[in-house]
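One structure is given here, and the rest of the page talks about it.
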Amino acid sequence: MPLLSTPLLAPACRIFMDLAYPDGAPSIPEHKRPYCHIPDGARTDDYLCPAPQAQGICQKLADDCYTFRLGSKGYANLKMKVQCVVEGRACHCVFAVDTHDAFSKEHTQPPADHPDAAAWLELQSANRALKEKIEAAWDAAGILTHNGLLRAELKADTLAALGPPAAARSGLG
């Protein structure tokens, strides 16, 4: 993924890890700690599969998409997803949190009579809240998320619908 650079990956991982592990580095599984503080001069490829340190963390889903099983304090399977998206003539890396907590392939939520239903629903609620928190922090840091991309598309559509600025329409521009 040529667009994914260390200056983009490092803050995205740091924000994710800071929020997912509020008790700090000691609470992060040792094999995931390198993603907390990616050095400025680090090579991005060292954090992507098949690099040794990426084993069990990074998964390449397609040429333009990776997931990172960074986990959280309460759920080891929480993932950071990065996908290259073409928007107009530009290509962007878009970040998302994948809660990866569907009850099964057939059902996102457990049946009401399942003995683990209450605990599973509580986990899903906590993961959803953490997802929203991480993605909001990424937005605030200027890291593109799906919501940020949608906002940009809506703004562009609105501006296009309004037409050129009044000065240009009147010939005063």
Original post:
Here are some conditions: (1) at pLDDT 95 or above; (2) part of a helix (DSSP H, G or I). Residue 7 meets all but one. Which one does it not meet?
Top reply: (1)
Original post:
So which residues in the range 21-71 are part of a loop (DSSP other than H, G, I, E, B), under 15 Å from residue 9 (Cα atoms) and of a type outside the set (A, V, I, L, M)?
Top reply: 36, 37, 39, 40, 41, 43, 49, 64
**OP:** Residue by residue through the range 71-113, note down the ones that are touching a strand residue (DSSP E or B) at 6+ places or on another chain (Cβ under 6 Å) and either within 15 Å of residue 135 (Cα to Cα) or polar (S, T, N, Q) (or both).
**Re:** 79, 80, 81, 82, 83, 93, 94, 95, 96, 98
Original post:
With (1) under 19 Å from the mean Cα position of the chain (by Cα); (2) small (Gly, Ala, Ser); (3) in a loop (DSSP other than H, G, I, E, B) as the list, and residue 96 as the residue in question, which single condition is left unmet?
Top reply: (3)
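Let's see how each residue does on (1) hydrophobic (A, V, I, L, M, F, W, C); (2) without any contact (Cβ under 8 Å) to a residue 40 or more places away in the chain:
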site	(1), (2)
16	yes, no
23	no, no
35	no, yes
43	no, yes
60	no, yes
67	no, yes
108	no, yes
112	yes, yes
Original post:
Within the range 101-117, can one find any residue that is outside any strand (DSSP E or B), surrounded by 14 or more Cβ atoms within 10 Å (Cβ to Cβ) and touching a Lys or Arg at 6+ places or on another chain (Cβ under 8 Å)?
Top reply: no
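The values are calculated or read from the model by the stated rules, or taken from the named source; none is laboratory data. Every value quoted in this text rests on a predicted model; they were computed, and no experiment measured them. Counting neighbours? That spans all protein chains shown, and the Cβs are built from the backbone with ideal geometry, glycine included.
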